1. Mind giving me the nanometre distance, one decimal, between the label points for residue 413 and residue 134, set 7 Å out from Cα along Cα→Cβ?
2. Which distance in nm do the two modelled labels at residue 172 and residue 426 give, with both placed 7 Å along the Cα-to-Cβ direction?
3. Quote the FRET efficiency, to the nearest 0.05, computed for residue 312 versus residue 123 with a Förster distance R0 of 60 Å and r equal to the Cβ-Cβ distance.
4. Pull out the extension gain between residue 53 and residue 287, defined as 0.36 nm times the separation in residues minus the alpha carbon to alpha carbon distance; nm, one decimal.
5. Go through the range 347-353 residue by residue and turn each phi into a ³J(HN,Hα) via Karplus (6.51, -1.76, 1.60, θ = phi - 60°); whole Hz please, and just put x for glycine and proline.
6. Mind ranking 369-376, 67-74, 318-325 by how tightly packed they are, going by the mean number of other C-beta atoms within 10 angstrom, highest first?
7. Under the 0.36 nm per residue contour assumption, what length would be gained going from the current alpha-carbon distance of residue 351 and residue 242 to full extension?
8. Defining a contact as two alpha carbons under 8 Å apart and six or more residues distant in sequence, what relative contact order in percent does the range 303-355 show?
Amino acid sequence: MLYYVAALWSAAAVLLIHQPRSTVNRWAAFFLLSAGTGGLTDLLQPVGFIDPVYEPWIQFLNHTLTPYGVLIFCMVYTRIPEGIKRLRSLKLGLIVPVMIMLVQVLLSTDYQIHYGLLFFWTAPYYVCSCILLLRALSQEMNPQKRRSLLITTVIMVPTLLGVMLLINVGYLIWPNYDSFQYVSLFILYSFVVALICTFVYGVLGVKLKIERDPLERTMEAVTSGTSMLNHSIKNELGKIAISTENVKQMLPQEHDSIKDQLNVITHASEHLLAMMSRIQRQMIEFRLVEEAVRMDAWLAEVLRLEQDFLTKHRVTFELQISQKPWLLIDRVHMKETMGNLIRNAVEAMPEGGHLIIRLRADRKGVAVTVKDQGIGIPRVAQSHVFEPFYSTKAHHQHNYGLGLSYVYKVMKKSGGSVDIESVEGVGTEVTLYFPRSAMIRIAGREEA
């Protein structure tokens, strides 16, 4: 029994230490702590650590807070419902049965739980939790998030249903039977699967932090450093420009060769200022101003604006639309995002080629794919393409390696994600995934 407590509480501690500010991790830790509470009965007399008088309250916390915590975790994890105020109201409403059980225990003899009343509300809580996970899994469009959801569902659904049958139904039929020997098998199953998947894939972001947090920390550091560097360089370039103009005015008219050299300094200063401004625009922290946009029409407009650029580089394009969804997006930043992807695709096809923009949507969300027939990205470089100042196109004079890092930031702030697949000599496919929460509705093909 104590191993059971140690396993669940250790898992809760890992989640809290890993990402203490994550609402998902906090609720996962909450239900793990409450689930492990039931194992404390092993510390009762005659061992002598806990007085047996506390056993009813240990069981009360275990049997009531666990289903409540599980359901809230599944709601937060699957982002249903949408909106903080609505979630807060549901949290308060769903704890009412726990309060009713508290009154029942206080009014009962020896503070014993009424297992019929307990089953009446805990069974729906466990079933709804399983439904939320399965529903989110069926609707998720992003492959990475879908894999994470699949792992979490495989870990939790069998265990939740097993706990409901063995504990809630079992105690209702046989109040004094020992459920631990059976429940422990489900707990062992969950623990082993979670442990394996944490190392191999990542569960609740535990491995994801190892892979992505360095990128996020790097981007934050680069953003801060770029702002300070930009400020310093602009100040110094401003001094150079002013001093250059002063020297030009002080020189006699016949010193044309010297003035030519001063003009070179002036133009170099202006070029550096323009370069730093462009870098700062890409790296600066920004706030999205979202509005409703019909994506098929918006993409057509973006391609119309890019048509001259594409034609100049002998690139034909095709817009493939399977649905016509309305999304909440920031037009300015999303236009810059698409522009970056299109420019990257064109640069990957120096001899010209064909570009495909694909728009897909369903109940899981919206996906916009930019696919080229270019030279592709080397496998060793693919894990670095979102890092600031990293570029596989170092020969391009005006490429600072900020395009994809900017795309990453915009999609992250939009609540979505970006995925890239590339094969050398075949081409590259970049997909922007927008969450279901950003989608207003899916319009049919018939909508004009």
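The values are calculated or read from the model by the stated rules, or taken from the named source; none is laboratory data. Because the structure is a prediction, the values reported are computed rather than measured. All Cβ positions, glycine included, derive from the backbone under ideal geometry; neighbour counts span all protein chains shown. Surface accessibility is based on the protein's heavy atoms, side chains included, excluding ligands, DNA and RNA. Shrake-Rupley method; radii C 1.70, N 1.55, O 1.52, S 1.80 Å.
1. So the label points at residue 413 and residue 134 sit 4.0 nm apart.
2. Rounded to a tenth, the inter-label distance reads 5.3 nm.
3. On the way: r = 66 Å, r/R0 = 1.09.
Rounded to the nearest 0.05, the efficiency is 0.35.
4. Values: separation 234, 0.36 × 234 = 84.24 nm, distance 5.57 nm.
Gain on extension, residue 53 to residue 287, equals 78.7 nm.
5. Each residue's phi maps through the Karplus curve to give 5, 7, 10, x, 9, x, x Hz.
6. Working: 369-376: 20.8, 67-74: 25.1, 318-325: 15.5.
My ranking of the peptides, most packed first, is 67-74, 369-376, 318-325.
7. Values: separation 109, 0.36 × 109 = 39.24 nm, distance 4.39 nm.
The span from residue 351 to residue 242 would gain 34.9 nm if fully extended.
8. Values: 27 pairs, mean separation 32.4, N = 53.
That works out to 61 percent.
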